[in-house]
Ligand SMILES: Cc1cc2nc3c(=O)[nH]c(=O)nc-3n(C[C@H](O)[C@H](O)[C@H](O)COP(=O)(O)OP(=O)(O)OC[C@H]3O[C@@H](n4cnc5c(N)ncnc54)[C@H](O)[C@@H]3O)c2cc1C
């Protein structure tokens with residue numbers, strides 16, 4: 001029945017995330033069409049296993065051992081960028097944000113350097129800080145199309161999506177995203193202030209900033225964590241909100257460091273840090 005699907009079993013997850021950490025994913029499918037996704041959902045129901053979309057894995061820490069999920073990564077028809085009229089662009093959610101930025105010239109330059117896919121950026125309301133404001137990719141989004149857990153295709157207007165700092169309430173798999181770059185024309189030609197580039201594998205900021213005035217990195221630095229090492233994991237010396245995989249770090253190394261930071265920052269500053277990365281195990 002699922003003959004046409006190229007489902008892989010027991011896939012190493014460390015190759016699917018920027019942290020280069022993780023065990024084995026039970027099933028994996030590069031899904032290239034809506035039809036394949038519908039079949040994948042059926043397969044997941046039959047196996048009683050959860051379907052989990054992943055993009056570039058730049059915001060995920062995977063656990064070790066077997067992760068009992070069916071991972072899907074959008075490919076094929078979800079990798080297209082299509083201009084509709086002068087100012088509307090339809091994008092497959094599997095497209096890399098960096099590719100979109102490069103083909104749209106100055107209109108989305110503010111997101112230059114932001115890793116990951118369009119689907120990941122929409123789901124997590126990714127964005128950058130410019131002066132005293134955050135600009136999110138979602139600010140340019142008009143509507144999205146998702147497939148829900150029973151295989152229904154639904155269109156959601158941006159106005160009907162709940163969103164906050166690094167958060168949306170979107171359920172299901174985002175398939176297509178329509179953007180209007182003119183919605184963020186104030187930021188045309190502007191470059192992000194700082195996208196940290198580290199030589200070691202990492203997943204970007206571990207924690208959300210408590211506010212625009214108080215960054216998580218500032219609090220972590222204040223508590224003396226820069227350079228703190230646990231096993232193969234180390235807090236970045238450039239940006240204290242980054243944990244680096246400096247020497248074959250395990251999930252436990254990174255997870256313990258995260259918990260230690262949370263405890264110490266709370267004890268010393270009273271701030272309860274909220275995690276930005278998704279931990280899956
Ligand atoms: C060096 C570095 C710098 C970074 N800087 C920033 C920054 O400045 N600002 C910022 O906001 N983020 C930053 N990040 C985090 C990351 O780039 C973003 O969160 C990015 O949008 C995640 O995209 P992804 O495709 O890698 O998603 P993944 O990490 O693969 O997935 C993240 C979440 O999105 C879900 N998801 C992915 N695709 C879909 C889909 N099609 N439908 C539904 N859900 C989906 C996954 O299930 C998961 O829950 C940085 C990361 C790194 C490594």
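Throughout, read-outs are computed from the coordinates displayed, never taken from laboratory work. Note that this is a predicted model, so its numbers are computed, not measured. Note that we place each Cβ from the backbone using ideal geometry, even for glycine, and neighbour counts take in every protein chain shown.
How much length is gained on full extension from residue 279 to residue 238, taking 0.36 nm per residue of separation minus their Cα-Cα distance?
Length gained, residue 279 through residue 238: 12.4 nm.
Under the rule a/c < 1.5 gives rounded, and otherwise a/b versus b/c splits prolate from oblate, where does the stretch 8-77 land using the Cα gyration tensor?
oblate
In the stretch 1-125, if every C-alpha pair distance is counted and binned at 5 Å from zero, what percent goes to each bin?
For the stretch 1-125, the pair-distance distribution reads 2, 11, 18, 20, 18, 14, 8, 5, 2, 0.
Once label points are set 7 Å from the Cα along Cα→Cβ at both residue 267 and residue 87, what is their separation, rounded to one decimal in nm?
Placing both labels 7 Å beyond Cα along the Cβ direction yields 5.4 nm.
Gaussian network model of the chain, Cα springs within a sub-10 Å range: biggest mean-square fluctuation belongs to which of 101, 196, 235?
196
Out of the DSSP beta bridges found with both residues in the chain, what percent are antiparallel (nearest 5)?
75
Output the relative contact order of the stretch 202-280, whole-number percent, from Cα pairs under 8 angstrom with separation of 6+ residues.
Computed value for the stretch 202-280: 35 percent relative contact order.
Compute the convex hull volume of the Cα atoms of the chain, divide it by the residue count, and report the result per residue in Å³ as a whole number.
Spelled out: Cα convex hull of the chain, divided by residues, is 128 Å³.
For the chain, modelled as a Gaussian network with Cα springs under 10 Å, which listed residue fluctuates most, 232, 172, 164?
164
Can you list the residues of the stretch 1-36 with backbone N under 20 Å from a point 7 Å past the Cα of residue 229, pointing along Cα to Cβ?
19-21
More than 17 angstrom separation, counting every C-alpha pair in the stretch 80-187; what % is that?
So the portion of pairs separated by more than 17 Å is 49 percent.
Determine, for each peptide in 81-93, 53-65, 35-47, the mean count of other beta carbons within 10 angstrom over its residues, then list the peptides with the highest first.
Ranked by mean Cβ neighbours within 10 Å, highest first: 53-65, 35-47, 81-93.
How big, in percent, is the set of alpha carbon pairs in the stretch 170-239 lying more than 15 Å apart?
The proportion of pairs with Cα distances above 15 Å equals 71 percent.
Take the Cβ-Cβ distance between residue 152 and residue 256 as r, set R0 to 51 Å, and report the resulting FRET efficiency rounded to the nearest 0.05.
The value I calculate is 0.80.
In nanometres, what is the gap between the two model label sites at residue 196 and residue 247, each 7 Å from Cα along Cα-to-Cβ?
Result for the modelled spin labels: 2.1 nm.
Go ahead and run the numbers for FRET between residue 183 and residue 106, Cβ-Cβ distance against an R0 of 22 Å, rounding to 0.05.
Taking R0 as 22 Å, the efficiency between residue 183 and residue 106 is 0.90.
Running a GNM on the chain with Cα contacts under 10 Å, which residue among 128, 265, 197 ends up with the highest mean-square fluctuation?
Highest fluctuation among the options: 197.
Along Cα→Cβ, 7 Å out, is where each label goes; now give me the distance between the ones at residue 129 and residue 48 in nm to one decimal.
So the label points at residue 129 and residue 48 sit 4.7 nm apart.
Which order, highest average first, do 144-153, 241-250 follow once you tally other Cβ atoms within 10 Å for each residue and take the mean per peptide?
241-250, 144-153
Give the whole-number value, in cubic angstrom per residue, of the convex hull volume spanned by the C-alpha atoms of the stretch 209-281.
83
Pairs of Cα atoms under 8 Å, at least six residues apart: use those to get the relative contact order of the chain, whole percent.
Value for the chain: 17 percent.
Rounded to the nearest Å, what's the spacing between the alpha carbon centres of the stretch 206-271 and the stretch 1-79? Just the number, please.
So the separation of the two Cα centres works out to 29 Å.
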